There are 2 protein chains.
Amino acid sequence: MSRALEKVLNPRSIGIIGASEVPGKAAERRTRSLLQGGYEGEVYLVNPKRSELFGRKAYPGITEIGAQVDLTMIIVPPRFLLDAVKDSIRMGAKGIIIITAGLGESGEEGKQIEAEILRAASKTGTAIIGPNCSGMFSAAASLNMLGIPEIRKGPISVLAQSGNVIDSLTNYAKMKGLGFSKIISLGNAIGVKFHEYIEYLKDDPDTRVIMAYLEGIKQGGDLVRVARETGAKKPIIALKVGRSSAGARAAASHTGSLAGDDVIVDAAFRQAGIVRVSNVDEMFDVADVFSKAPLPRGRSVAILSEGGGDNSIAADNAERFGMEVPVLPPETQEKIKPHLLAGMPAGNPIDYGGTAEENPEVIAECVQACMEDQGVDAVYLTGFFGGFQAIIAPHVAELEQKASRKLADLVEKYKKPLFVHTSFAGQDIPALDILREKGIPVFESSEKCARCLGELMSFALRKQTIEQMESPMVPPQEYPRVKELFAAVRKQDRQNLLETESRELLQEYGLSLPAGFLARDAQQASQAFTDIGRPVALKVVSPDIVHKSDAGGIELNCSSPEEVRQAFERIESRALRVTSRERLEGALVSPMAGKGQECILGMIKDPQFGPVLMFGLGGVFVEVLKDVAFRVAPLTETDAQEMIEEIKGAPLLHGVRGEKPKDIRAVTEVLLNLSRIAVQNPEIQEIDLNPVIVHEQGLSIVDSRIILTVDKH
Amino acid sequence: MSRALEKVLNPRSIGIIGASEVPGKAAERRTRSLLQGGYEGEVYLVNPKRSELFGRKAYPGITEIGAQVDLTMIIVPPRFLLDAVKDSIRMGAKGIIIITAGLGESGEEGKQIEAEILRAASKTGTAIIGPNCSGMFSAAASLNMLGIPEIRKGPISVLAQSGNVIDSLTNYAKMKGLGFSKIISLGNAIGVKFHEYIEYLKDDPDTRVIMAYLEGIKQGGDLVRVARETGAKKPIIALKVGRSSAGARAAASHTGSLAGDDVIVDAAFRQAGIVRVSNVDEMFDVADVFSKAPLPRGRSVAILSEGGGDNSIAADNAERFGMEVPVLPPETQEKIKPHLLAGMPAGNPIDYGGTAEENPEVIAECVQACMEDQGVDAVYLTGFFGGFQAIIAPHVAELEQKASRKLADLVEKYKKPLFVHTSFAGQDIPALDILREKGIPVFESSEKCARCLGELMSFALRKQTIEQMESPMVPPQEYPRVKELFAAVRKQDRQNLLETESRELLQEYGLSLPAGFLARDAQQASQAFTDIGRPVALKVVSPDIVHKSDAGGIELNCSSPEEVRQAFERIESRALRVTSRERLEGALVSPMAGKGQECILGMIKDPQFGPVLMFGLGGVFVEVLKDVAFRVAPLTETDAQEMIEEIKGAPLLHGVRGEKPKDIRAVTEVLLNLSRIAVQNPEIQEIDLNPVIVHEQGLSIVDSRIILTVDKH
């Protein structure tokens, strides 16, 4: 798809089907922005009712141009759309941008047209962009088919599901003087998918940062994979709405997207190294910084100011946005102290008040000492820099400019980010212009400064992790026995596997389970207890009983043959209230698990991301505190480890209050195994291992439940 | 103190002791800003080395002026300070602003000077501002002694512990066109205290919003009390640094303030209705909005835009900042629908795209329908308003202005806040100017818009709660027995009360405790068990054993006379390893508590706020999850209830997973009782009731520990 997109974004000729010159019309604005945007290839305007448009020849149909057309844009009513698509393909179009709306988002009829378009395009591999999209911009080709005039060129590329967000973005960028490489409106994205655009932009040399606005996600699993690969080269900054129920409602009514569970979006983005933002201004702040600043190696920051108050505020901001503000080592402090007022501490934050205002070179000296320090990953300047000339005296202006040049040299030399907050950022000051020209971010808000630096650090560290990450585990082999199992369950019109079947499946994948004997009667149960040789639990087995404990189908801690016998009989008599003797398979007799930390491991199918793994501690941790971690399958080992460490209750696994640490390794293994099972068996809708008791050595999967997808046959 | 401050802020005459005209000097800048600021009273400049300053007569000493001086400002080296203060008092000064630094913050010598200043001032009730402060501004008196020129007048008053933060604030306000009523630099605040300034500003008719910048808090208990009273009249917005350890470090090196535990600052501010912000720009955003917008009655917001994407972003923002975005009732929807494109939902968010851009009156119609709706507390407009003229056609500009006027009328009529986010906020647009002139906030950032509206709602609701709140419980009587108890403990040079003593104190205050018999020997213990008649716990009692369980001093669940006897003997033999027979008082025999939710209730003394109450669930909730709530004593009943509801584990008290609800009422009572104990007994450093088992009816205080302050005699 990347090669097709290359053509689409750099076409030698373009046809606009449905071109118009009625002012304000969608077609008119897009035709105009293309004609006035400097595009150097051929442009053919098609409109059967006009012989001339914008002072050029207009063609009655695209087929009558008599030349190949690399790219067409279609703005015709839905009923004419399919023909326009077919004609485009006939004329050799590598890509078709469909502005026309009222298709899949409007109902069944539209969906059918979409299906036929895809069928037509599939034969030639033509890229379909949209429908229901708002157009495209490609700086390299001076191609502007968005209907928005005067878009500045720059290093940011945009993928957006909403047309009016593109209006917001281009308007905001205009105000801030930022520019774009590519802007692509996704619309219904029936052809080229979001992750395919990402894949293209990954290798696009003109794109330094990718911005995405999303309302819903399709094929989220592919997105996670592609985003991980992309993140190693350039950042993806995504504004995904639908965090709140009202946000999801707005998105749904807007483009018909299903927002899905936002907790999973958050987890998937983190997993994929996508930087998630919540607002347009934040997206630009972050993108601008990401396109310019060197990547820090860690989270440690030195804070400097001529103002103690600004230092305190910055230090709090730093911690809030995930940075560390370490006390600098004595050798660094010794380098700094000569530049401060006598007796001022140089621990970090550093207060050069009283010396720097009249002699701004002090700032460069202090910053240099910080940059030389191996333990410092970034420098955060706060206060009034650039305003000393106004506060002290006009001659300081020149000294401030000199300091700016030195600061820029330091960033260049040490490749460590320098972020500047100054109350004077909003004013027209040469010293600050020098910083900006050299790619040093200058903020009017200390909070924004810290937030952007924090985001840059998170991205840089995530990038390191992802680069070192092994590939996700691919299941090594087929498991025919598992498919037989599914067939048998389907045959009985069931979705729920019996516990005996779940156990078989899990064991097939190499998971070790506590012993379990299916006792058909009290006598067998009692014999199983004797064989096991320690207290046991009994659990009913029947296709009619899914929630075993609600049905009184569980007996715990039976510790004599007599107790086991009685327990079986109790289970049996309760079970027969809801099922028949033929459908009561018996009771599973298992040893009671030893002491350990109760956990829940599971897999669910998310409508956006497909199979998603879940981990949490048992009981109130999941049910009351919602302390659960998710990751999209397939998992890498790092993913599995991270999801365990991510929960707030993780210290309980590491051992608190005198407890020994639990076997986290064993939990990791089970998660990886569940990931393999999920990837290899799309038939499974849900897996629930609950409870799993994690011991100091190993773990016990006490109960398991597997549910298949609705049978489509 | 308020009357003295009234004089200080509106003096008829001012003396500057240490006036100077050396450019850039602290004294020069302050003298100049006063002389050029329009102050109409008499100004006397005092400098023994000069006969003329700024073209006026200079006096060798303040005593030689020969007229009364209402206010003096002193900028002399520390060694001359005391005399200058005494002279000022002699000349009848009602207030003295001390700019001089190098006093209490620099060491013992400075502290002594401060003490003598206070002694001198106390006789006449003269208000001491500072020392180590940066001056004062009072708009009503055109009095500017900050050394910062051209401060604009307005409704915001500022209290700040840092001089350079006042520079930041005034600079920021200048850029944003905001103005001040009073600006007071606190410095070391040895005389007038922070809460006394607040008390004055509470009744100052020119102050609509109070801004405070704080590095450390003294007399936090008084602050909570005064802030609560003030909040009923006007908001207090505080930037308190020291959230992070590095922030605290910076604050300490800056003004020597002890930042204290930030979790308690957060809790105290919430309790007091103080709006806490983290940055200067946020402080102004909030203050500006608070000084203009009507207060909403609840958290429910209607969101409107011509852009679906902007609506989605706004809805997510709304939820993130604590708002609700309810689906509007059918009658409201019916009023809105005629203004939307056919088929567009009017549920909320509302998308008037396609109609409003050409006819902005649509916006006013939709907003009116929302404002008429009882269930809507505020309206959040997002998108491109003000920019339709640029996007559509110039003639729309006038229609936008008309819509603006209508919107302003609606706010006026319905007294509900309207907040506007528009991408065009940064541009010079008449329609937006109309909104701003009418006090309707217009933001360039949708996030800021939502954050400010969320803060306004939180403040408004908090104000309602505080207005309805009963006064804190004042202890009804003295408890002489308790004071005897303390005397006995002090006599033995102890800080820790024995559990028998703790129990006596708690019971004296009416707390009901499980039965407890102090058994001196095994025989008595066994007898106690027989009397109690159910399983018991034994706990060692000895002044040498504070951590009973570490010393093996606890035996649980003893359920026969023989078990009790053996348990006593085990405790005794382990205790004798760390104490002597004379100092081993025996073991406390108590019934084992019944089932219930384990909790911890306590009191600690905070260096900033004094006695602070604590509540949390037991075990991992406190130790691993840090799920604890704090409140400053004295508590109101509402405070106690709120702190229980505030913890994340609160659902466990309400009953989850089939459990019945626990007796929250009983927990409230104990908290209120602890509050009374804390307020009435400053001798107590710490109280720890842990565990407390809360049953469906009542609770059991299973163990208690009380520690006294270090004896100062």
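Structure notes:
- Rounded, prolate or oblate (a/c below 1.5 giving rounded, otherwise prolate when a/b exceeds b/c) for region B:603-652 by Cα gyration tensor: oblate
- Seen from all directions on average, region B:126-200 presents a Cα convex hull projection of 4.7 nm².
- Counting DSSP beta bridges with both ends in the protein assembly as shown, the antiparallel % (nearest 5): 50
- Binned Cα-Cα distances of region A:526-653, short to long, each 10 Å bin given as a whole percent: 12, 28, 26, 26, 8, 0
- For region A:2-207, dividing the convex hull volume of the Cα atoms by the residue count gives 107 Å³ per residue.
- Copies compared at A:S549 - label distances in nm, ascending, label defined 7 Å from Cα in the Cβ direction: 2.5
- Area hidden from solvent between B and A (accessible, protein heavy atoms only, 1.4 Å, total, Å²): 5000
- Cα gyration tensor of region A:30-131 - equivalent ellipsoid semi-axes, whole Å, descending: 24, 15, 13
- Within chain B, percent of DSSP bridges classed antiparallel, to nearest 5: 50
- Expected 222 nm ellipticity per residue - DSSP helices of 4 or more, -39500 (n - 2.57), all of chain A, to 500: -12000 deg cm²/dmol
- The Cα center of region B:525-584 and the Cα center of region A:598-658 differ in position by 43 Å.
- Each copy carries A:L341; placing its label point 7 Å along the C-beta direction from Cα gives inter-copy distances of 6.2 nm, listed from smallest up.
- Cα shape, region B:581-623, gyration tensor, a/c 1.5 rule: oblate
- Cα centroid separation, region A:311-372 to region B:466-508: 48 Å.
- With R₀ set to 60 Å, the beta-carbon distance separating A:Q68 from B:A342 gives a calculated FRET efficiency near 0.90.
- Amide N of region A:633-672 lying under 18 Å from the label point, which is placed 7 angstrom from the Cα of A:Y509 along Cα→Cβ: A:633-644, A:665-672
- For B:A140, inter-copy label distances in nm, listed shortest first [label point 7 Å out on the Cα-Cβ vector]: 6.8
- When the trypsin sites (Lys or Arg not before Pro) in region A:327-413 are filtered for DSSP coil states and for at most 15 other beta-carbon atoms within 10 Å of their beta-carbon, no site remains.
- Its Cα gyration tensor gives chain B an equivalent ellipsoid. The semi-axes, each the square root of 5 times an eigenvalue, are 54, 42, 17 Å from largest down.
- Whichever lysines have a C-alpha closer than 21 Å to that of B:K49, once near sequence neighbours (fewer than 8 apart) are set aside: B:K25, B:K57, B:K86
- Cα gyration tensor shape of region B:173-215, rounded if a/c is under 1.5, else prolate or oblate by comparing a/b with b/c: oblate
- Chain B, accessible surface, carbon-and-sulfur percent (1.4 angstrom probe): 49
- Ordered from longest to shortest, the equivalent ellipsoid semi-axes for region B:475-565 are 27, 17, 10 Å, each the square root of 5 times a Cα gyration tensor eigenvalue.
- Mean projection of the Cα convex hull over all viewing directions, computed for the protein assembly as shown: 61.0 nm².
- A from B by rotation - nearest chain B beta carbon to the axis, in Å: B:L625, 4
- In this structure the protein assembly as shown gives 39 Å² per residue of accessible area when probed at 1.4 Å with all protein chains present.
- Measuring spread by the Cα atoms of region A:294-440 yields a radius of gyration and Dmax of 13.9, 39 Å.
- The residues of region B:609-624 occluded by other protein chains by 50 Å² or more of accessible area, set against the chain on its own, are B:V620, B:V624; surface from heavy atoms, 1.4 Å probe.
- Considering every alpha-carbon pair of region B:597-708, the percent of pairs per 5 Å bin, from zero through the bin containing the longest distance, is 2, 13, 24, 26, 21, 9, 3, 1, 0.
- Beta bridges per DSSP, both residues in region A:2-207: antiparallel share near 25 percent.
- Additional length obtainable on full extension of the chain from A:V710 to A:H547, 0.36 nm per residue less Cα span: 56.8 nm
The values are calculated or read from the model by the stated rules, or taken from the named source; none is laboratory data. What you see is a predicted model, and the numbers here were worked out from it, not measured in a lab. Glycine gets a Cβ as well: all are built from the backbone with ideal geometry, and neighbour counts include every protein chain shown. Accessible surface areas use protein heavy atoms only, side chains included; no ligands, DNA or RNA. Shrake-Rupley method; radii C 1.70, N 1.55, O 1.52, S 1.80 Å.
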